[in-house]
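Working notes, beginning with the structure itself.
The values are calculated or read from the model by the stated rules, or taken from the named source; none is laboratory data. Everything quoted here is computed from the prediction, not taken from an experiment. All Cβ positions, even for glycine, are placed from backbone atoms using ideal geometry, and neighbour counts span all protein chains on display.
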Amino acid sequence: MFVSLSAISIGKGLQIAIKDKLYSLSPDLVISTYENNSRGIASEKINNFESVNSEIKNAFPAIKFEKIIEKPTLISVDNSFETVIFRGVNNGYNFRDFNNFIIGSKIKNDITNNEIIISKSLSDKLKISVGQILTLYFQVNNNQRIPNVRSFNVSYIYETDFPDYDNNYIIGNLETLQNVYKWSKNDYANIEISIEDKSQISLIEKSISLLSSFEKNNLSTKTVQSKYTNIFSWISIFDFNILIITFLMILVAIISVVISLFILIFERIKMIGILTSMGSTNNSLSRIFIYQGIEIVLTGMIPANILFFTISVIQNSYGFLKLNPNDYYVETIPFFLEPYYIISLNLIFIIISIIVLSITFVSITRFTPKLNINS
């Protein structure tokens, strides 16, 4: 019982924790050129941005939009070089979800043109801390011999536990990139959309894809599920693992109950014979052993539930059971305490136990009083 409850709680907890991180880290829907979406970097500008933006807002006025530009850049610190992606965000960008990954003081205002946010992995690698100056080099075109140089103050450090993100992205204001690459104030590379109801992502994506401006400007959409296909496919396997573990534990429980009851019955063969010879019916005898069987089942289930809730609460509060974030994207094992799953699993064990008890007691009727007494 404990193993089954833990398997469901941990499996669902990991799914929810990883999905929440992905939804906090990445927009639910990205609108960009085919080139940008295929390469995974928002470096090419959207043509006729104002008309595209206007058409989308008219179709979905309640949806929040963020405008993004991403460009590759080179970091140089003490003769060490790192190639990363400068992710430029618009003024008024909503950092509410991203603040979950910020180490130390949270982001309250816009990122200015001379500020950047870097990851802890880059900070450790380059030995850079908050308040220090970091120099970046931008190659505007292939013929450029001397890159554009910009210096930034490291204002915040983040850690997402997603190596692909932490090792590759620094965050700043998109006006910096507009100035470096000579883009106008209305030139952007991505429109990022966050949707409150995640079940509506696919529906909204299809509706936006049908807008007339998409085909005219060679635009496409990309959802967070398609961007992180491998991760979503991986965590979906947890359901199958949970099913297998639960099935095996139920099978073990059935075998344990059957063996326990048969031992109990065989130890009381003479008692069964005497009671039968005195006029006891099979139903009355069965009830005796059903009560004994229920006692055996509850003796296992009640402590298992108490142990499960105790460990779950302690783990969720203090996180003493650790995981490797490079493999699981979270640092501690999360327990998901959903009453529906807990009650359902307990009911499944109880119903199966009652069925097993009923079938097992059929064996009682095979003993005759004479055979039982002589035994």
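Residues of the stretch 74-131 that are within 26 Å of residue 193 (Cβ to Cβ) and either among the small types (Gly, Ala, Ser) or not assigned by TED's automatic domain parsing to the domain that holds residue 156 (or both): 88, 92, 119.
For the stretch 153-168, the tally of residues that are surrounded by fewer than 21 Cβ atoms within 10 Å (Cβ to Cβ) and assigned to a strand (DSSP E or B) stands at 4.
All of (1) closer than 20 Å to residue 174 by Cβ; (2) polar (S, T, N, Q); (3) at pLDDT below 90; (4) touching a Ser or Thr at 6+ places or on another chain (Cβ under 9 Å) hold for residue 119 with one exception: (3).
Considering the stretch 1-55, the residues that are among the acidic types (Asp, Glu) and surrounded by fewer than 18 Cβ atoms within 10 Å (Cβ to Cβ) include one that is nearest to residue 97 (Cα to Cα), namely 20. Among the residues of the stretch 56-94 satisfying the criterion of being within 18 Å of residue 117 (Cα to Cα) and of a type in the set (A, V, I, L, M), which is surrounded by the most Cβ atoms within 10 Å (Cβ to Cβ)? Filtering first and then ranking leaves 69. Elements of the type helices (runs of 4 or more DSSP H) sitting completely within the stretch 206-285 and holding at least 3 residues that are without any contact (Cβ under 8 Å) to a residue 12 or more places away in the chain and under 22 Å from the mean Cα position of the chain (by Cα): these cover 229-267. So, residue 128, is that one within 17 Å of residue 42 (Cβ to Cβ) and of a type outside the set (Gly, Ala, Ser) or not? It is false that residue 128 is within 17 Å of residue 42 (Cβ to Cβ) and of a type outside the set (Gly, Ala, Ser).
Considering each residue of the stretch 95-114 in turn, none proves to be in contact (Cβ under 8 Å) with a residue 12 or more places away in the chain, assigned to a strand (DSSP E or B) and surrounded by 19 or more Cβ atoms within 10 Å (Cβ to Cβ). For the stretch 183-197, filtered to residues that are in contact with a helix residue (DSSP H, G or I) (Cβ under 8 Å, 6 or more places away or on another chain) and of a type in the set (D, E, K, R), the residue that is farthest from residue 51 (Cα to Cα) is 185.
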